[in-house]
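Scroll down for the structure; my scribbles are underneath it.
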Amino acid sequence: MNTVTKMILTLCIIGIVSGGALNSIWDWADPLIKENARIATEKAIFEVQPTGKTYKRLETDVAEIYQVFENDTTSVGYAVVCLGNGFQNKIKMMFGVDGGFTKITALAVLDQQETPGLGDEITKPHFTTKFEGINVANNMSVLKGLDGNKAEGKVQAITGATISSKAVVEIINGTLDKLRKIEGLGGVQ
Amino acid sequence: MKNKVTIWKEFAKGIWENNPVLVQVLGLCPTLAVTATAANGIAMALATTFVLIFSSLIISSVRKLIPTQVRIASYIVIIATFVTIVDIVMKAKFPEMSKNLGPYIPLIVVNCIILGRQEAFSAKNNPFRALIDSIGMGTGFLIVLTTLGGIREIFGKGTLLGFTILGDWYTPWLVMILPAGAFLTLGFILGGVNFIKLKKETRLKEAEMANALEAQKAKLNRQEA
């Protein structure tokens, strides 16, 4: 067998064996990975809508949005996944909002890569609780150095992490604006 | 020549004499990037060692079958296969740690320690020796990452493996969990290791010279007697 044939054969065999092995591992792992994602999402949903008992994913491409129910008949609002640009990379969050998009129930930061010790303070309760019960009938705004005001939709930025704080607010504002445009939403009670 | 190196020596050289990070200065990217906490460092080292061991076993087993012109391409595909296996298994079984280590797991493919060992050792030795060598290098890597991670976590967060070591009185040095702190700490560790090696070498040389001197004296005494 000449060298070129040997080279081609070697690389082909390695490729086929490698592909086969990875295929098998993937078949085993894929259900587990999907289950992990489902558990994480469910945990976040009930974190941002604490009174909810069951949820249902809504059919829309605009956002990943779940309607949350207290019991068989009463809806307590929605849990919405939002994604946007932070200071370093994308920030992924879930927030709970009432049926009329007037108030946020709670906020959970799911994924972020902001600066450790500064931007990543957005995950801490001292920041996320600023959003509990905040008025979002109009877009929220960020204040530096001054106290926030929930009734007016104003959030105080974290010292040293203004950009990350602003990013959180802008991502939520943008997502709510998109949701209001969807028919059938925003008027549900 | 190879058989003169004992199994123990083959293993132990990866820990001190030829440590992949401290002596060969390879694999610095994951070393600096994921050692903000000790747990992350340990997980990364274990993942890397797994890839190293199995890549070395496979490559050593088929070393005579791979034509030399395609050896690098072959090694990389084999290494990448094992890295993908580690990535998938971590996502399925250890999702928290997988999120912590992020893109650095797939980056194990380009960790110079692994490809370096294949070229320098596995391609020229039988699978048993390749296994011992890999375990040794992996252990050396684990020790460095754990130490670096431990130091950075204690001074940068006040905790170790999640347990609070330094209480509320301690204001954490933020720089320790940022890249600058990684470079500083590694620099000091490298400096310390080199210092110890230099001292050992000097002492050995002095002992050698003292022995040579004694031998000369003894010779002269015999001649005079």
Given the conditions (1) touching a strand residue (DSSP E or B) at 6+ places or on another chain (Cβ under 6 Å); (2) open to solvent by 60 Å² or more (accessible area, probe 1.4 Å), and given that A:Leu58 satisfies all but one, which numbered condition is not satisfied? (2)
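Could you tell me whether the stretch A:16-36 includes any residue that is touching a residue at least 12 places away in the same chain (Cβ under 8 Å) and within 19 Å of the chain's Cα centre (by Cα)? Don't jump to the end; show me each part of the working.
Within the stretch A:16-36, the first condition is being touching a residue at least 12 places away in the same chain (Cβ under 8 Å), and the residues that meet it are none.
No: zero hits.
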In the set B:Ile135, B:Ile66, B:Ile88, the lone residue that is more than 29 Å from A:Met7 (Cα to Cα), more than 23 Å from the chain's Cα centre (by Cα), crowded, with 17+ Cβ neighbours inside 10 Å and among the β-branched types (Val, Ile, Thr) is B:Ile88
Just to be sure, is B:Ser56 more than 14 Å from every other protein chain (Cβ to nearest Cβ), closer than 18 Å to B:Ile78 by Cα and in contact with a helix residue (DSSP H, G or I) (Cβ under 8 Å, 6 or more places away or on another chain)? yes
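Tell me which residues, restricted to the stretch A:93-131, are part of a helix (DSSP H, G or I) and aromatic (Phe, Trp, Tyr). I'd like the intermediate steps shown before the answer.
Step one: of the stretch A:93-131, the residues part of a helix (DSSP H, G or I) are A:119-123, A:125-131.
Across the stretch A:93-131, the qualifying residues are A:Phe127, A:Phe131.
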A:Lys53 being at pLDDT 90 or above and either open to solvent by 50 Å² or more (accessible area, probe 1.4 Å) or farther than 30 Å from B:Ile76 by Cβ (or both): no
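Taking the condition more than 23 Å from B:Leu26 (Cβ to Cβ), of a type in the set (A, V, I, L, M, F, W, C) and modelled with pLDDT under 90, does B:Ile154 pass? Can you show your working first?
Working: more than 23 Å from B:Leu26 (Cβ to Cβ): yes; of a type in the set (A, V, I, L, M, F, W, C): yes; modelled with pLDDT under 90: no.
In short, no.
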Have a look at A:Glu170, A:Glu152 and point out the one that is of a type in the set (Asp, Glu) and at pLDDT 90 or above. A:Glu170
Quick test of your reading of the structure: A:Leu83 fulfils all but one of (1) modelled with pLDDT under 90; (2) open to solvent by 30 Å² or more (accessible area, probe 1.4 Å); (3) hydrophobic (A, V, I, L, M, F, W, C). Name the failing condition by number. (1)
Any residue at all in the stretch A:105-124 that's in contact with a strand residue (DSSP E or B) (Cβ under 6 Å, 6 or more places away or on another chain), more than 14 Å from every other protein chain (Cβ to nearest Cβ) and open to solvent by 60 Å² or more (accessible area, probe 1.4 Å)? no
Of the candidates B:Leu101, B:Leu142, the one satisfying the condition of being open to solvent by less than 40 Å² (accessible area, probe 1.4 Å), part of a helix (DSSP H, G or I) and in contact (Cβ under 8 Å) with a residue 60 or more places away in the chain is B:Leu101
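Scan A:Asn89, A:Asn2, A:Asn36 and give me the residue that is within 11 Å of chain B (Cβ to nearest Cβ) and open to solvent by 80 Å² or more (accessible area, probe 1.4 Å).
Working: A:Asn89 fails: open to solvent by 80 Å² or more (accessible area, probe 1.4 Å); A:Asn36 fails: open to solvent by 80 Å² or more (accessible area, probe 1.4 Å).
After ruling out the rest, the residue left standing is A:Asn2.
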Residues in the stretch B:160-168: is at least one assigned to a helix (DSSP H, G or I) and open to solvent by 50 Å² or more (accessible area, probe 1.4 Å)? no
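Return a yes/no flag: does the stretch A:16-27 have any residue that is assigned to a strand (DSSP E or B), open to solvent by 70 Å² or more (accessible area, probe 1.4 Å) and modelled with pLDDT of 90 or more. Before the answer, list the steps.
Going residue by residue through the stretch A:16-27, those that are assigned to a strand (DSSP E or B) are none.
No.
The values are calculated or read from the model by the stated rules, or taken from the named source; none is laboratory data. All figures in this text were calculated on a predicted structure; none of them were measured in a lab. All Cβ positions, even for glycine, are placed from backbone atoms using ideal geometry, and neighbour counts span all protein chains on display. Just the protein is used for accessible areas: all its heavy atoms, side chains included, with ligands, DNA and RNA removed. Shrake-Rupley method; radii C 1.70, N 1.55, O 1.52, S 1.80 Å.
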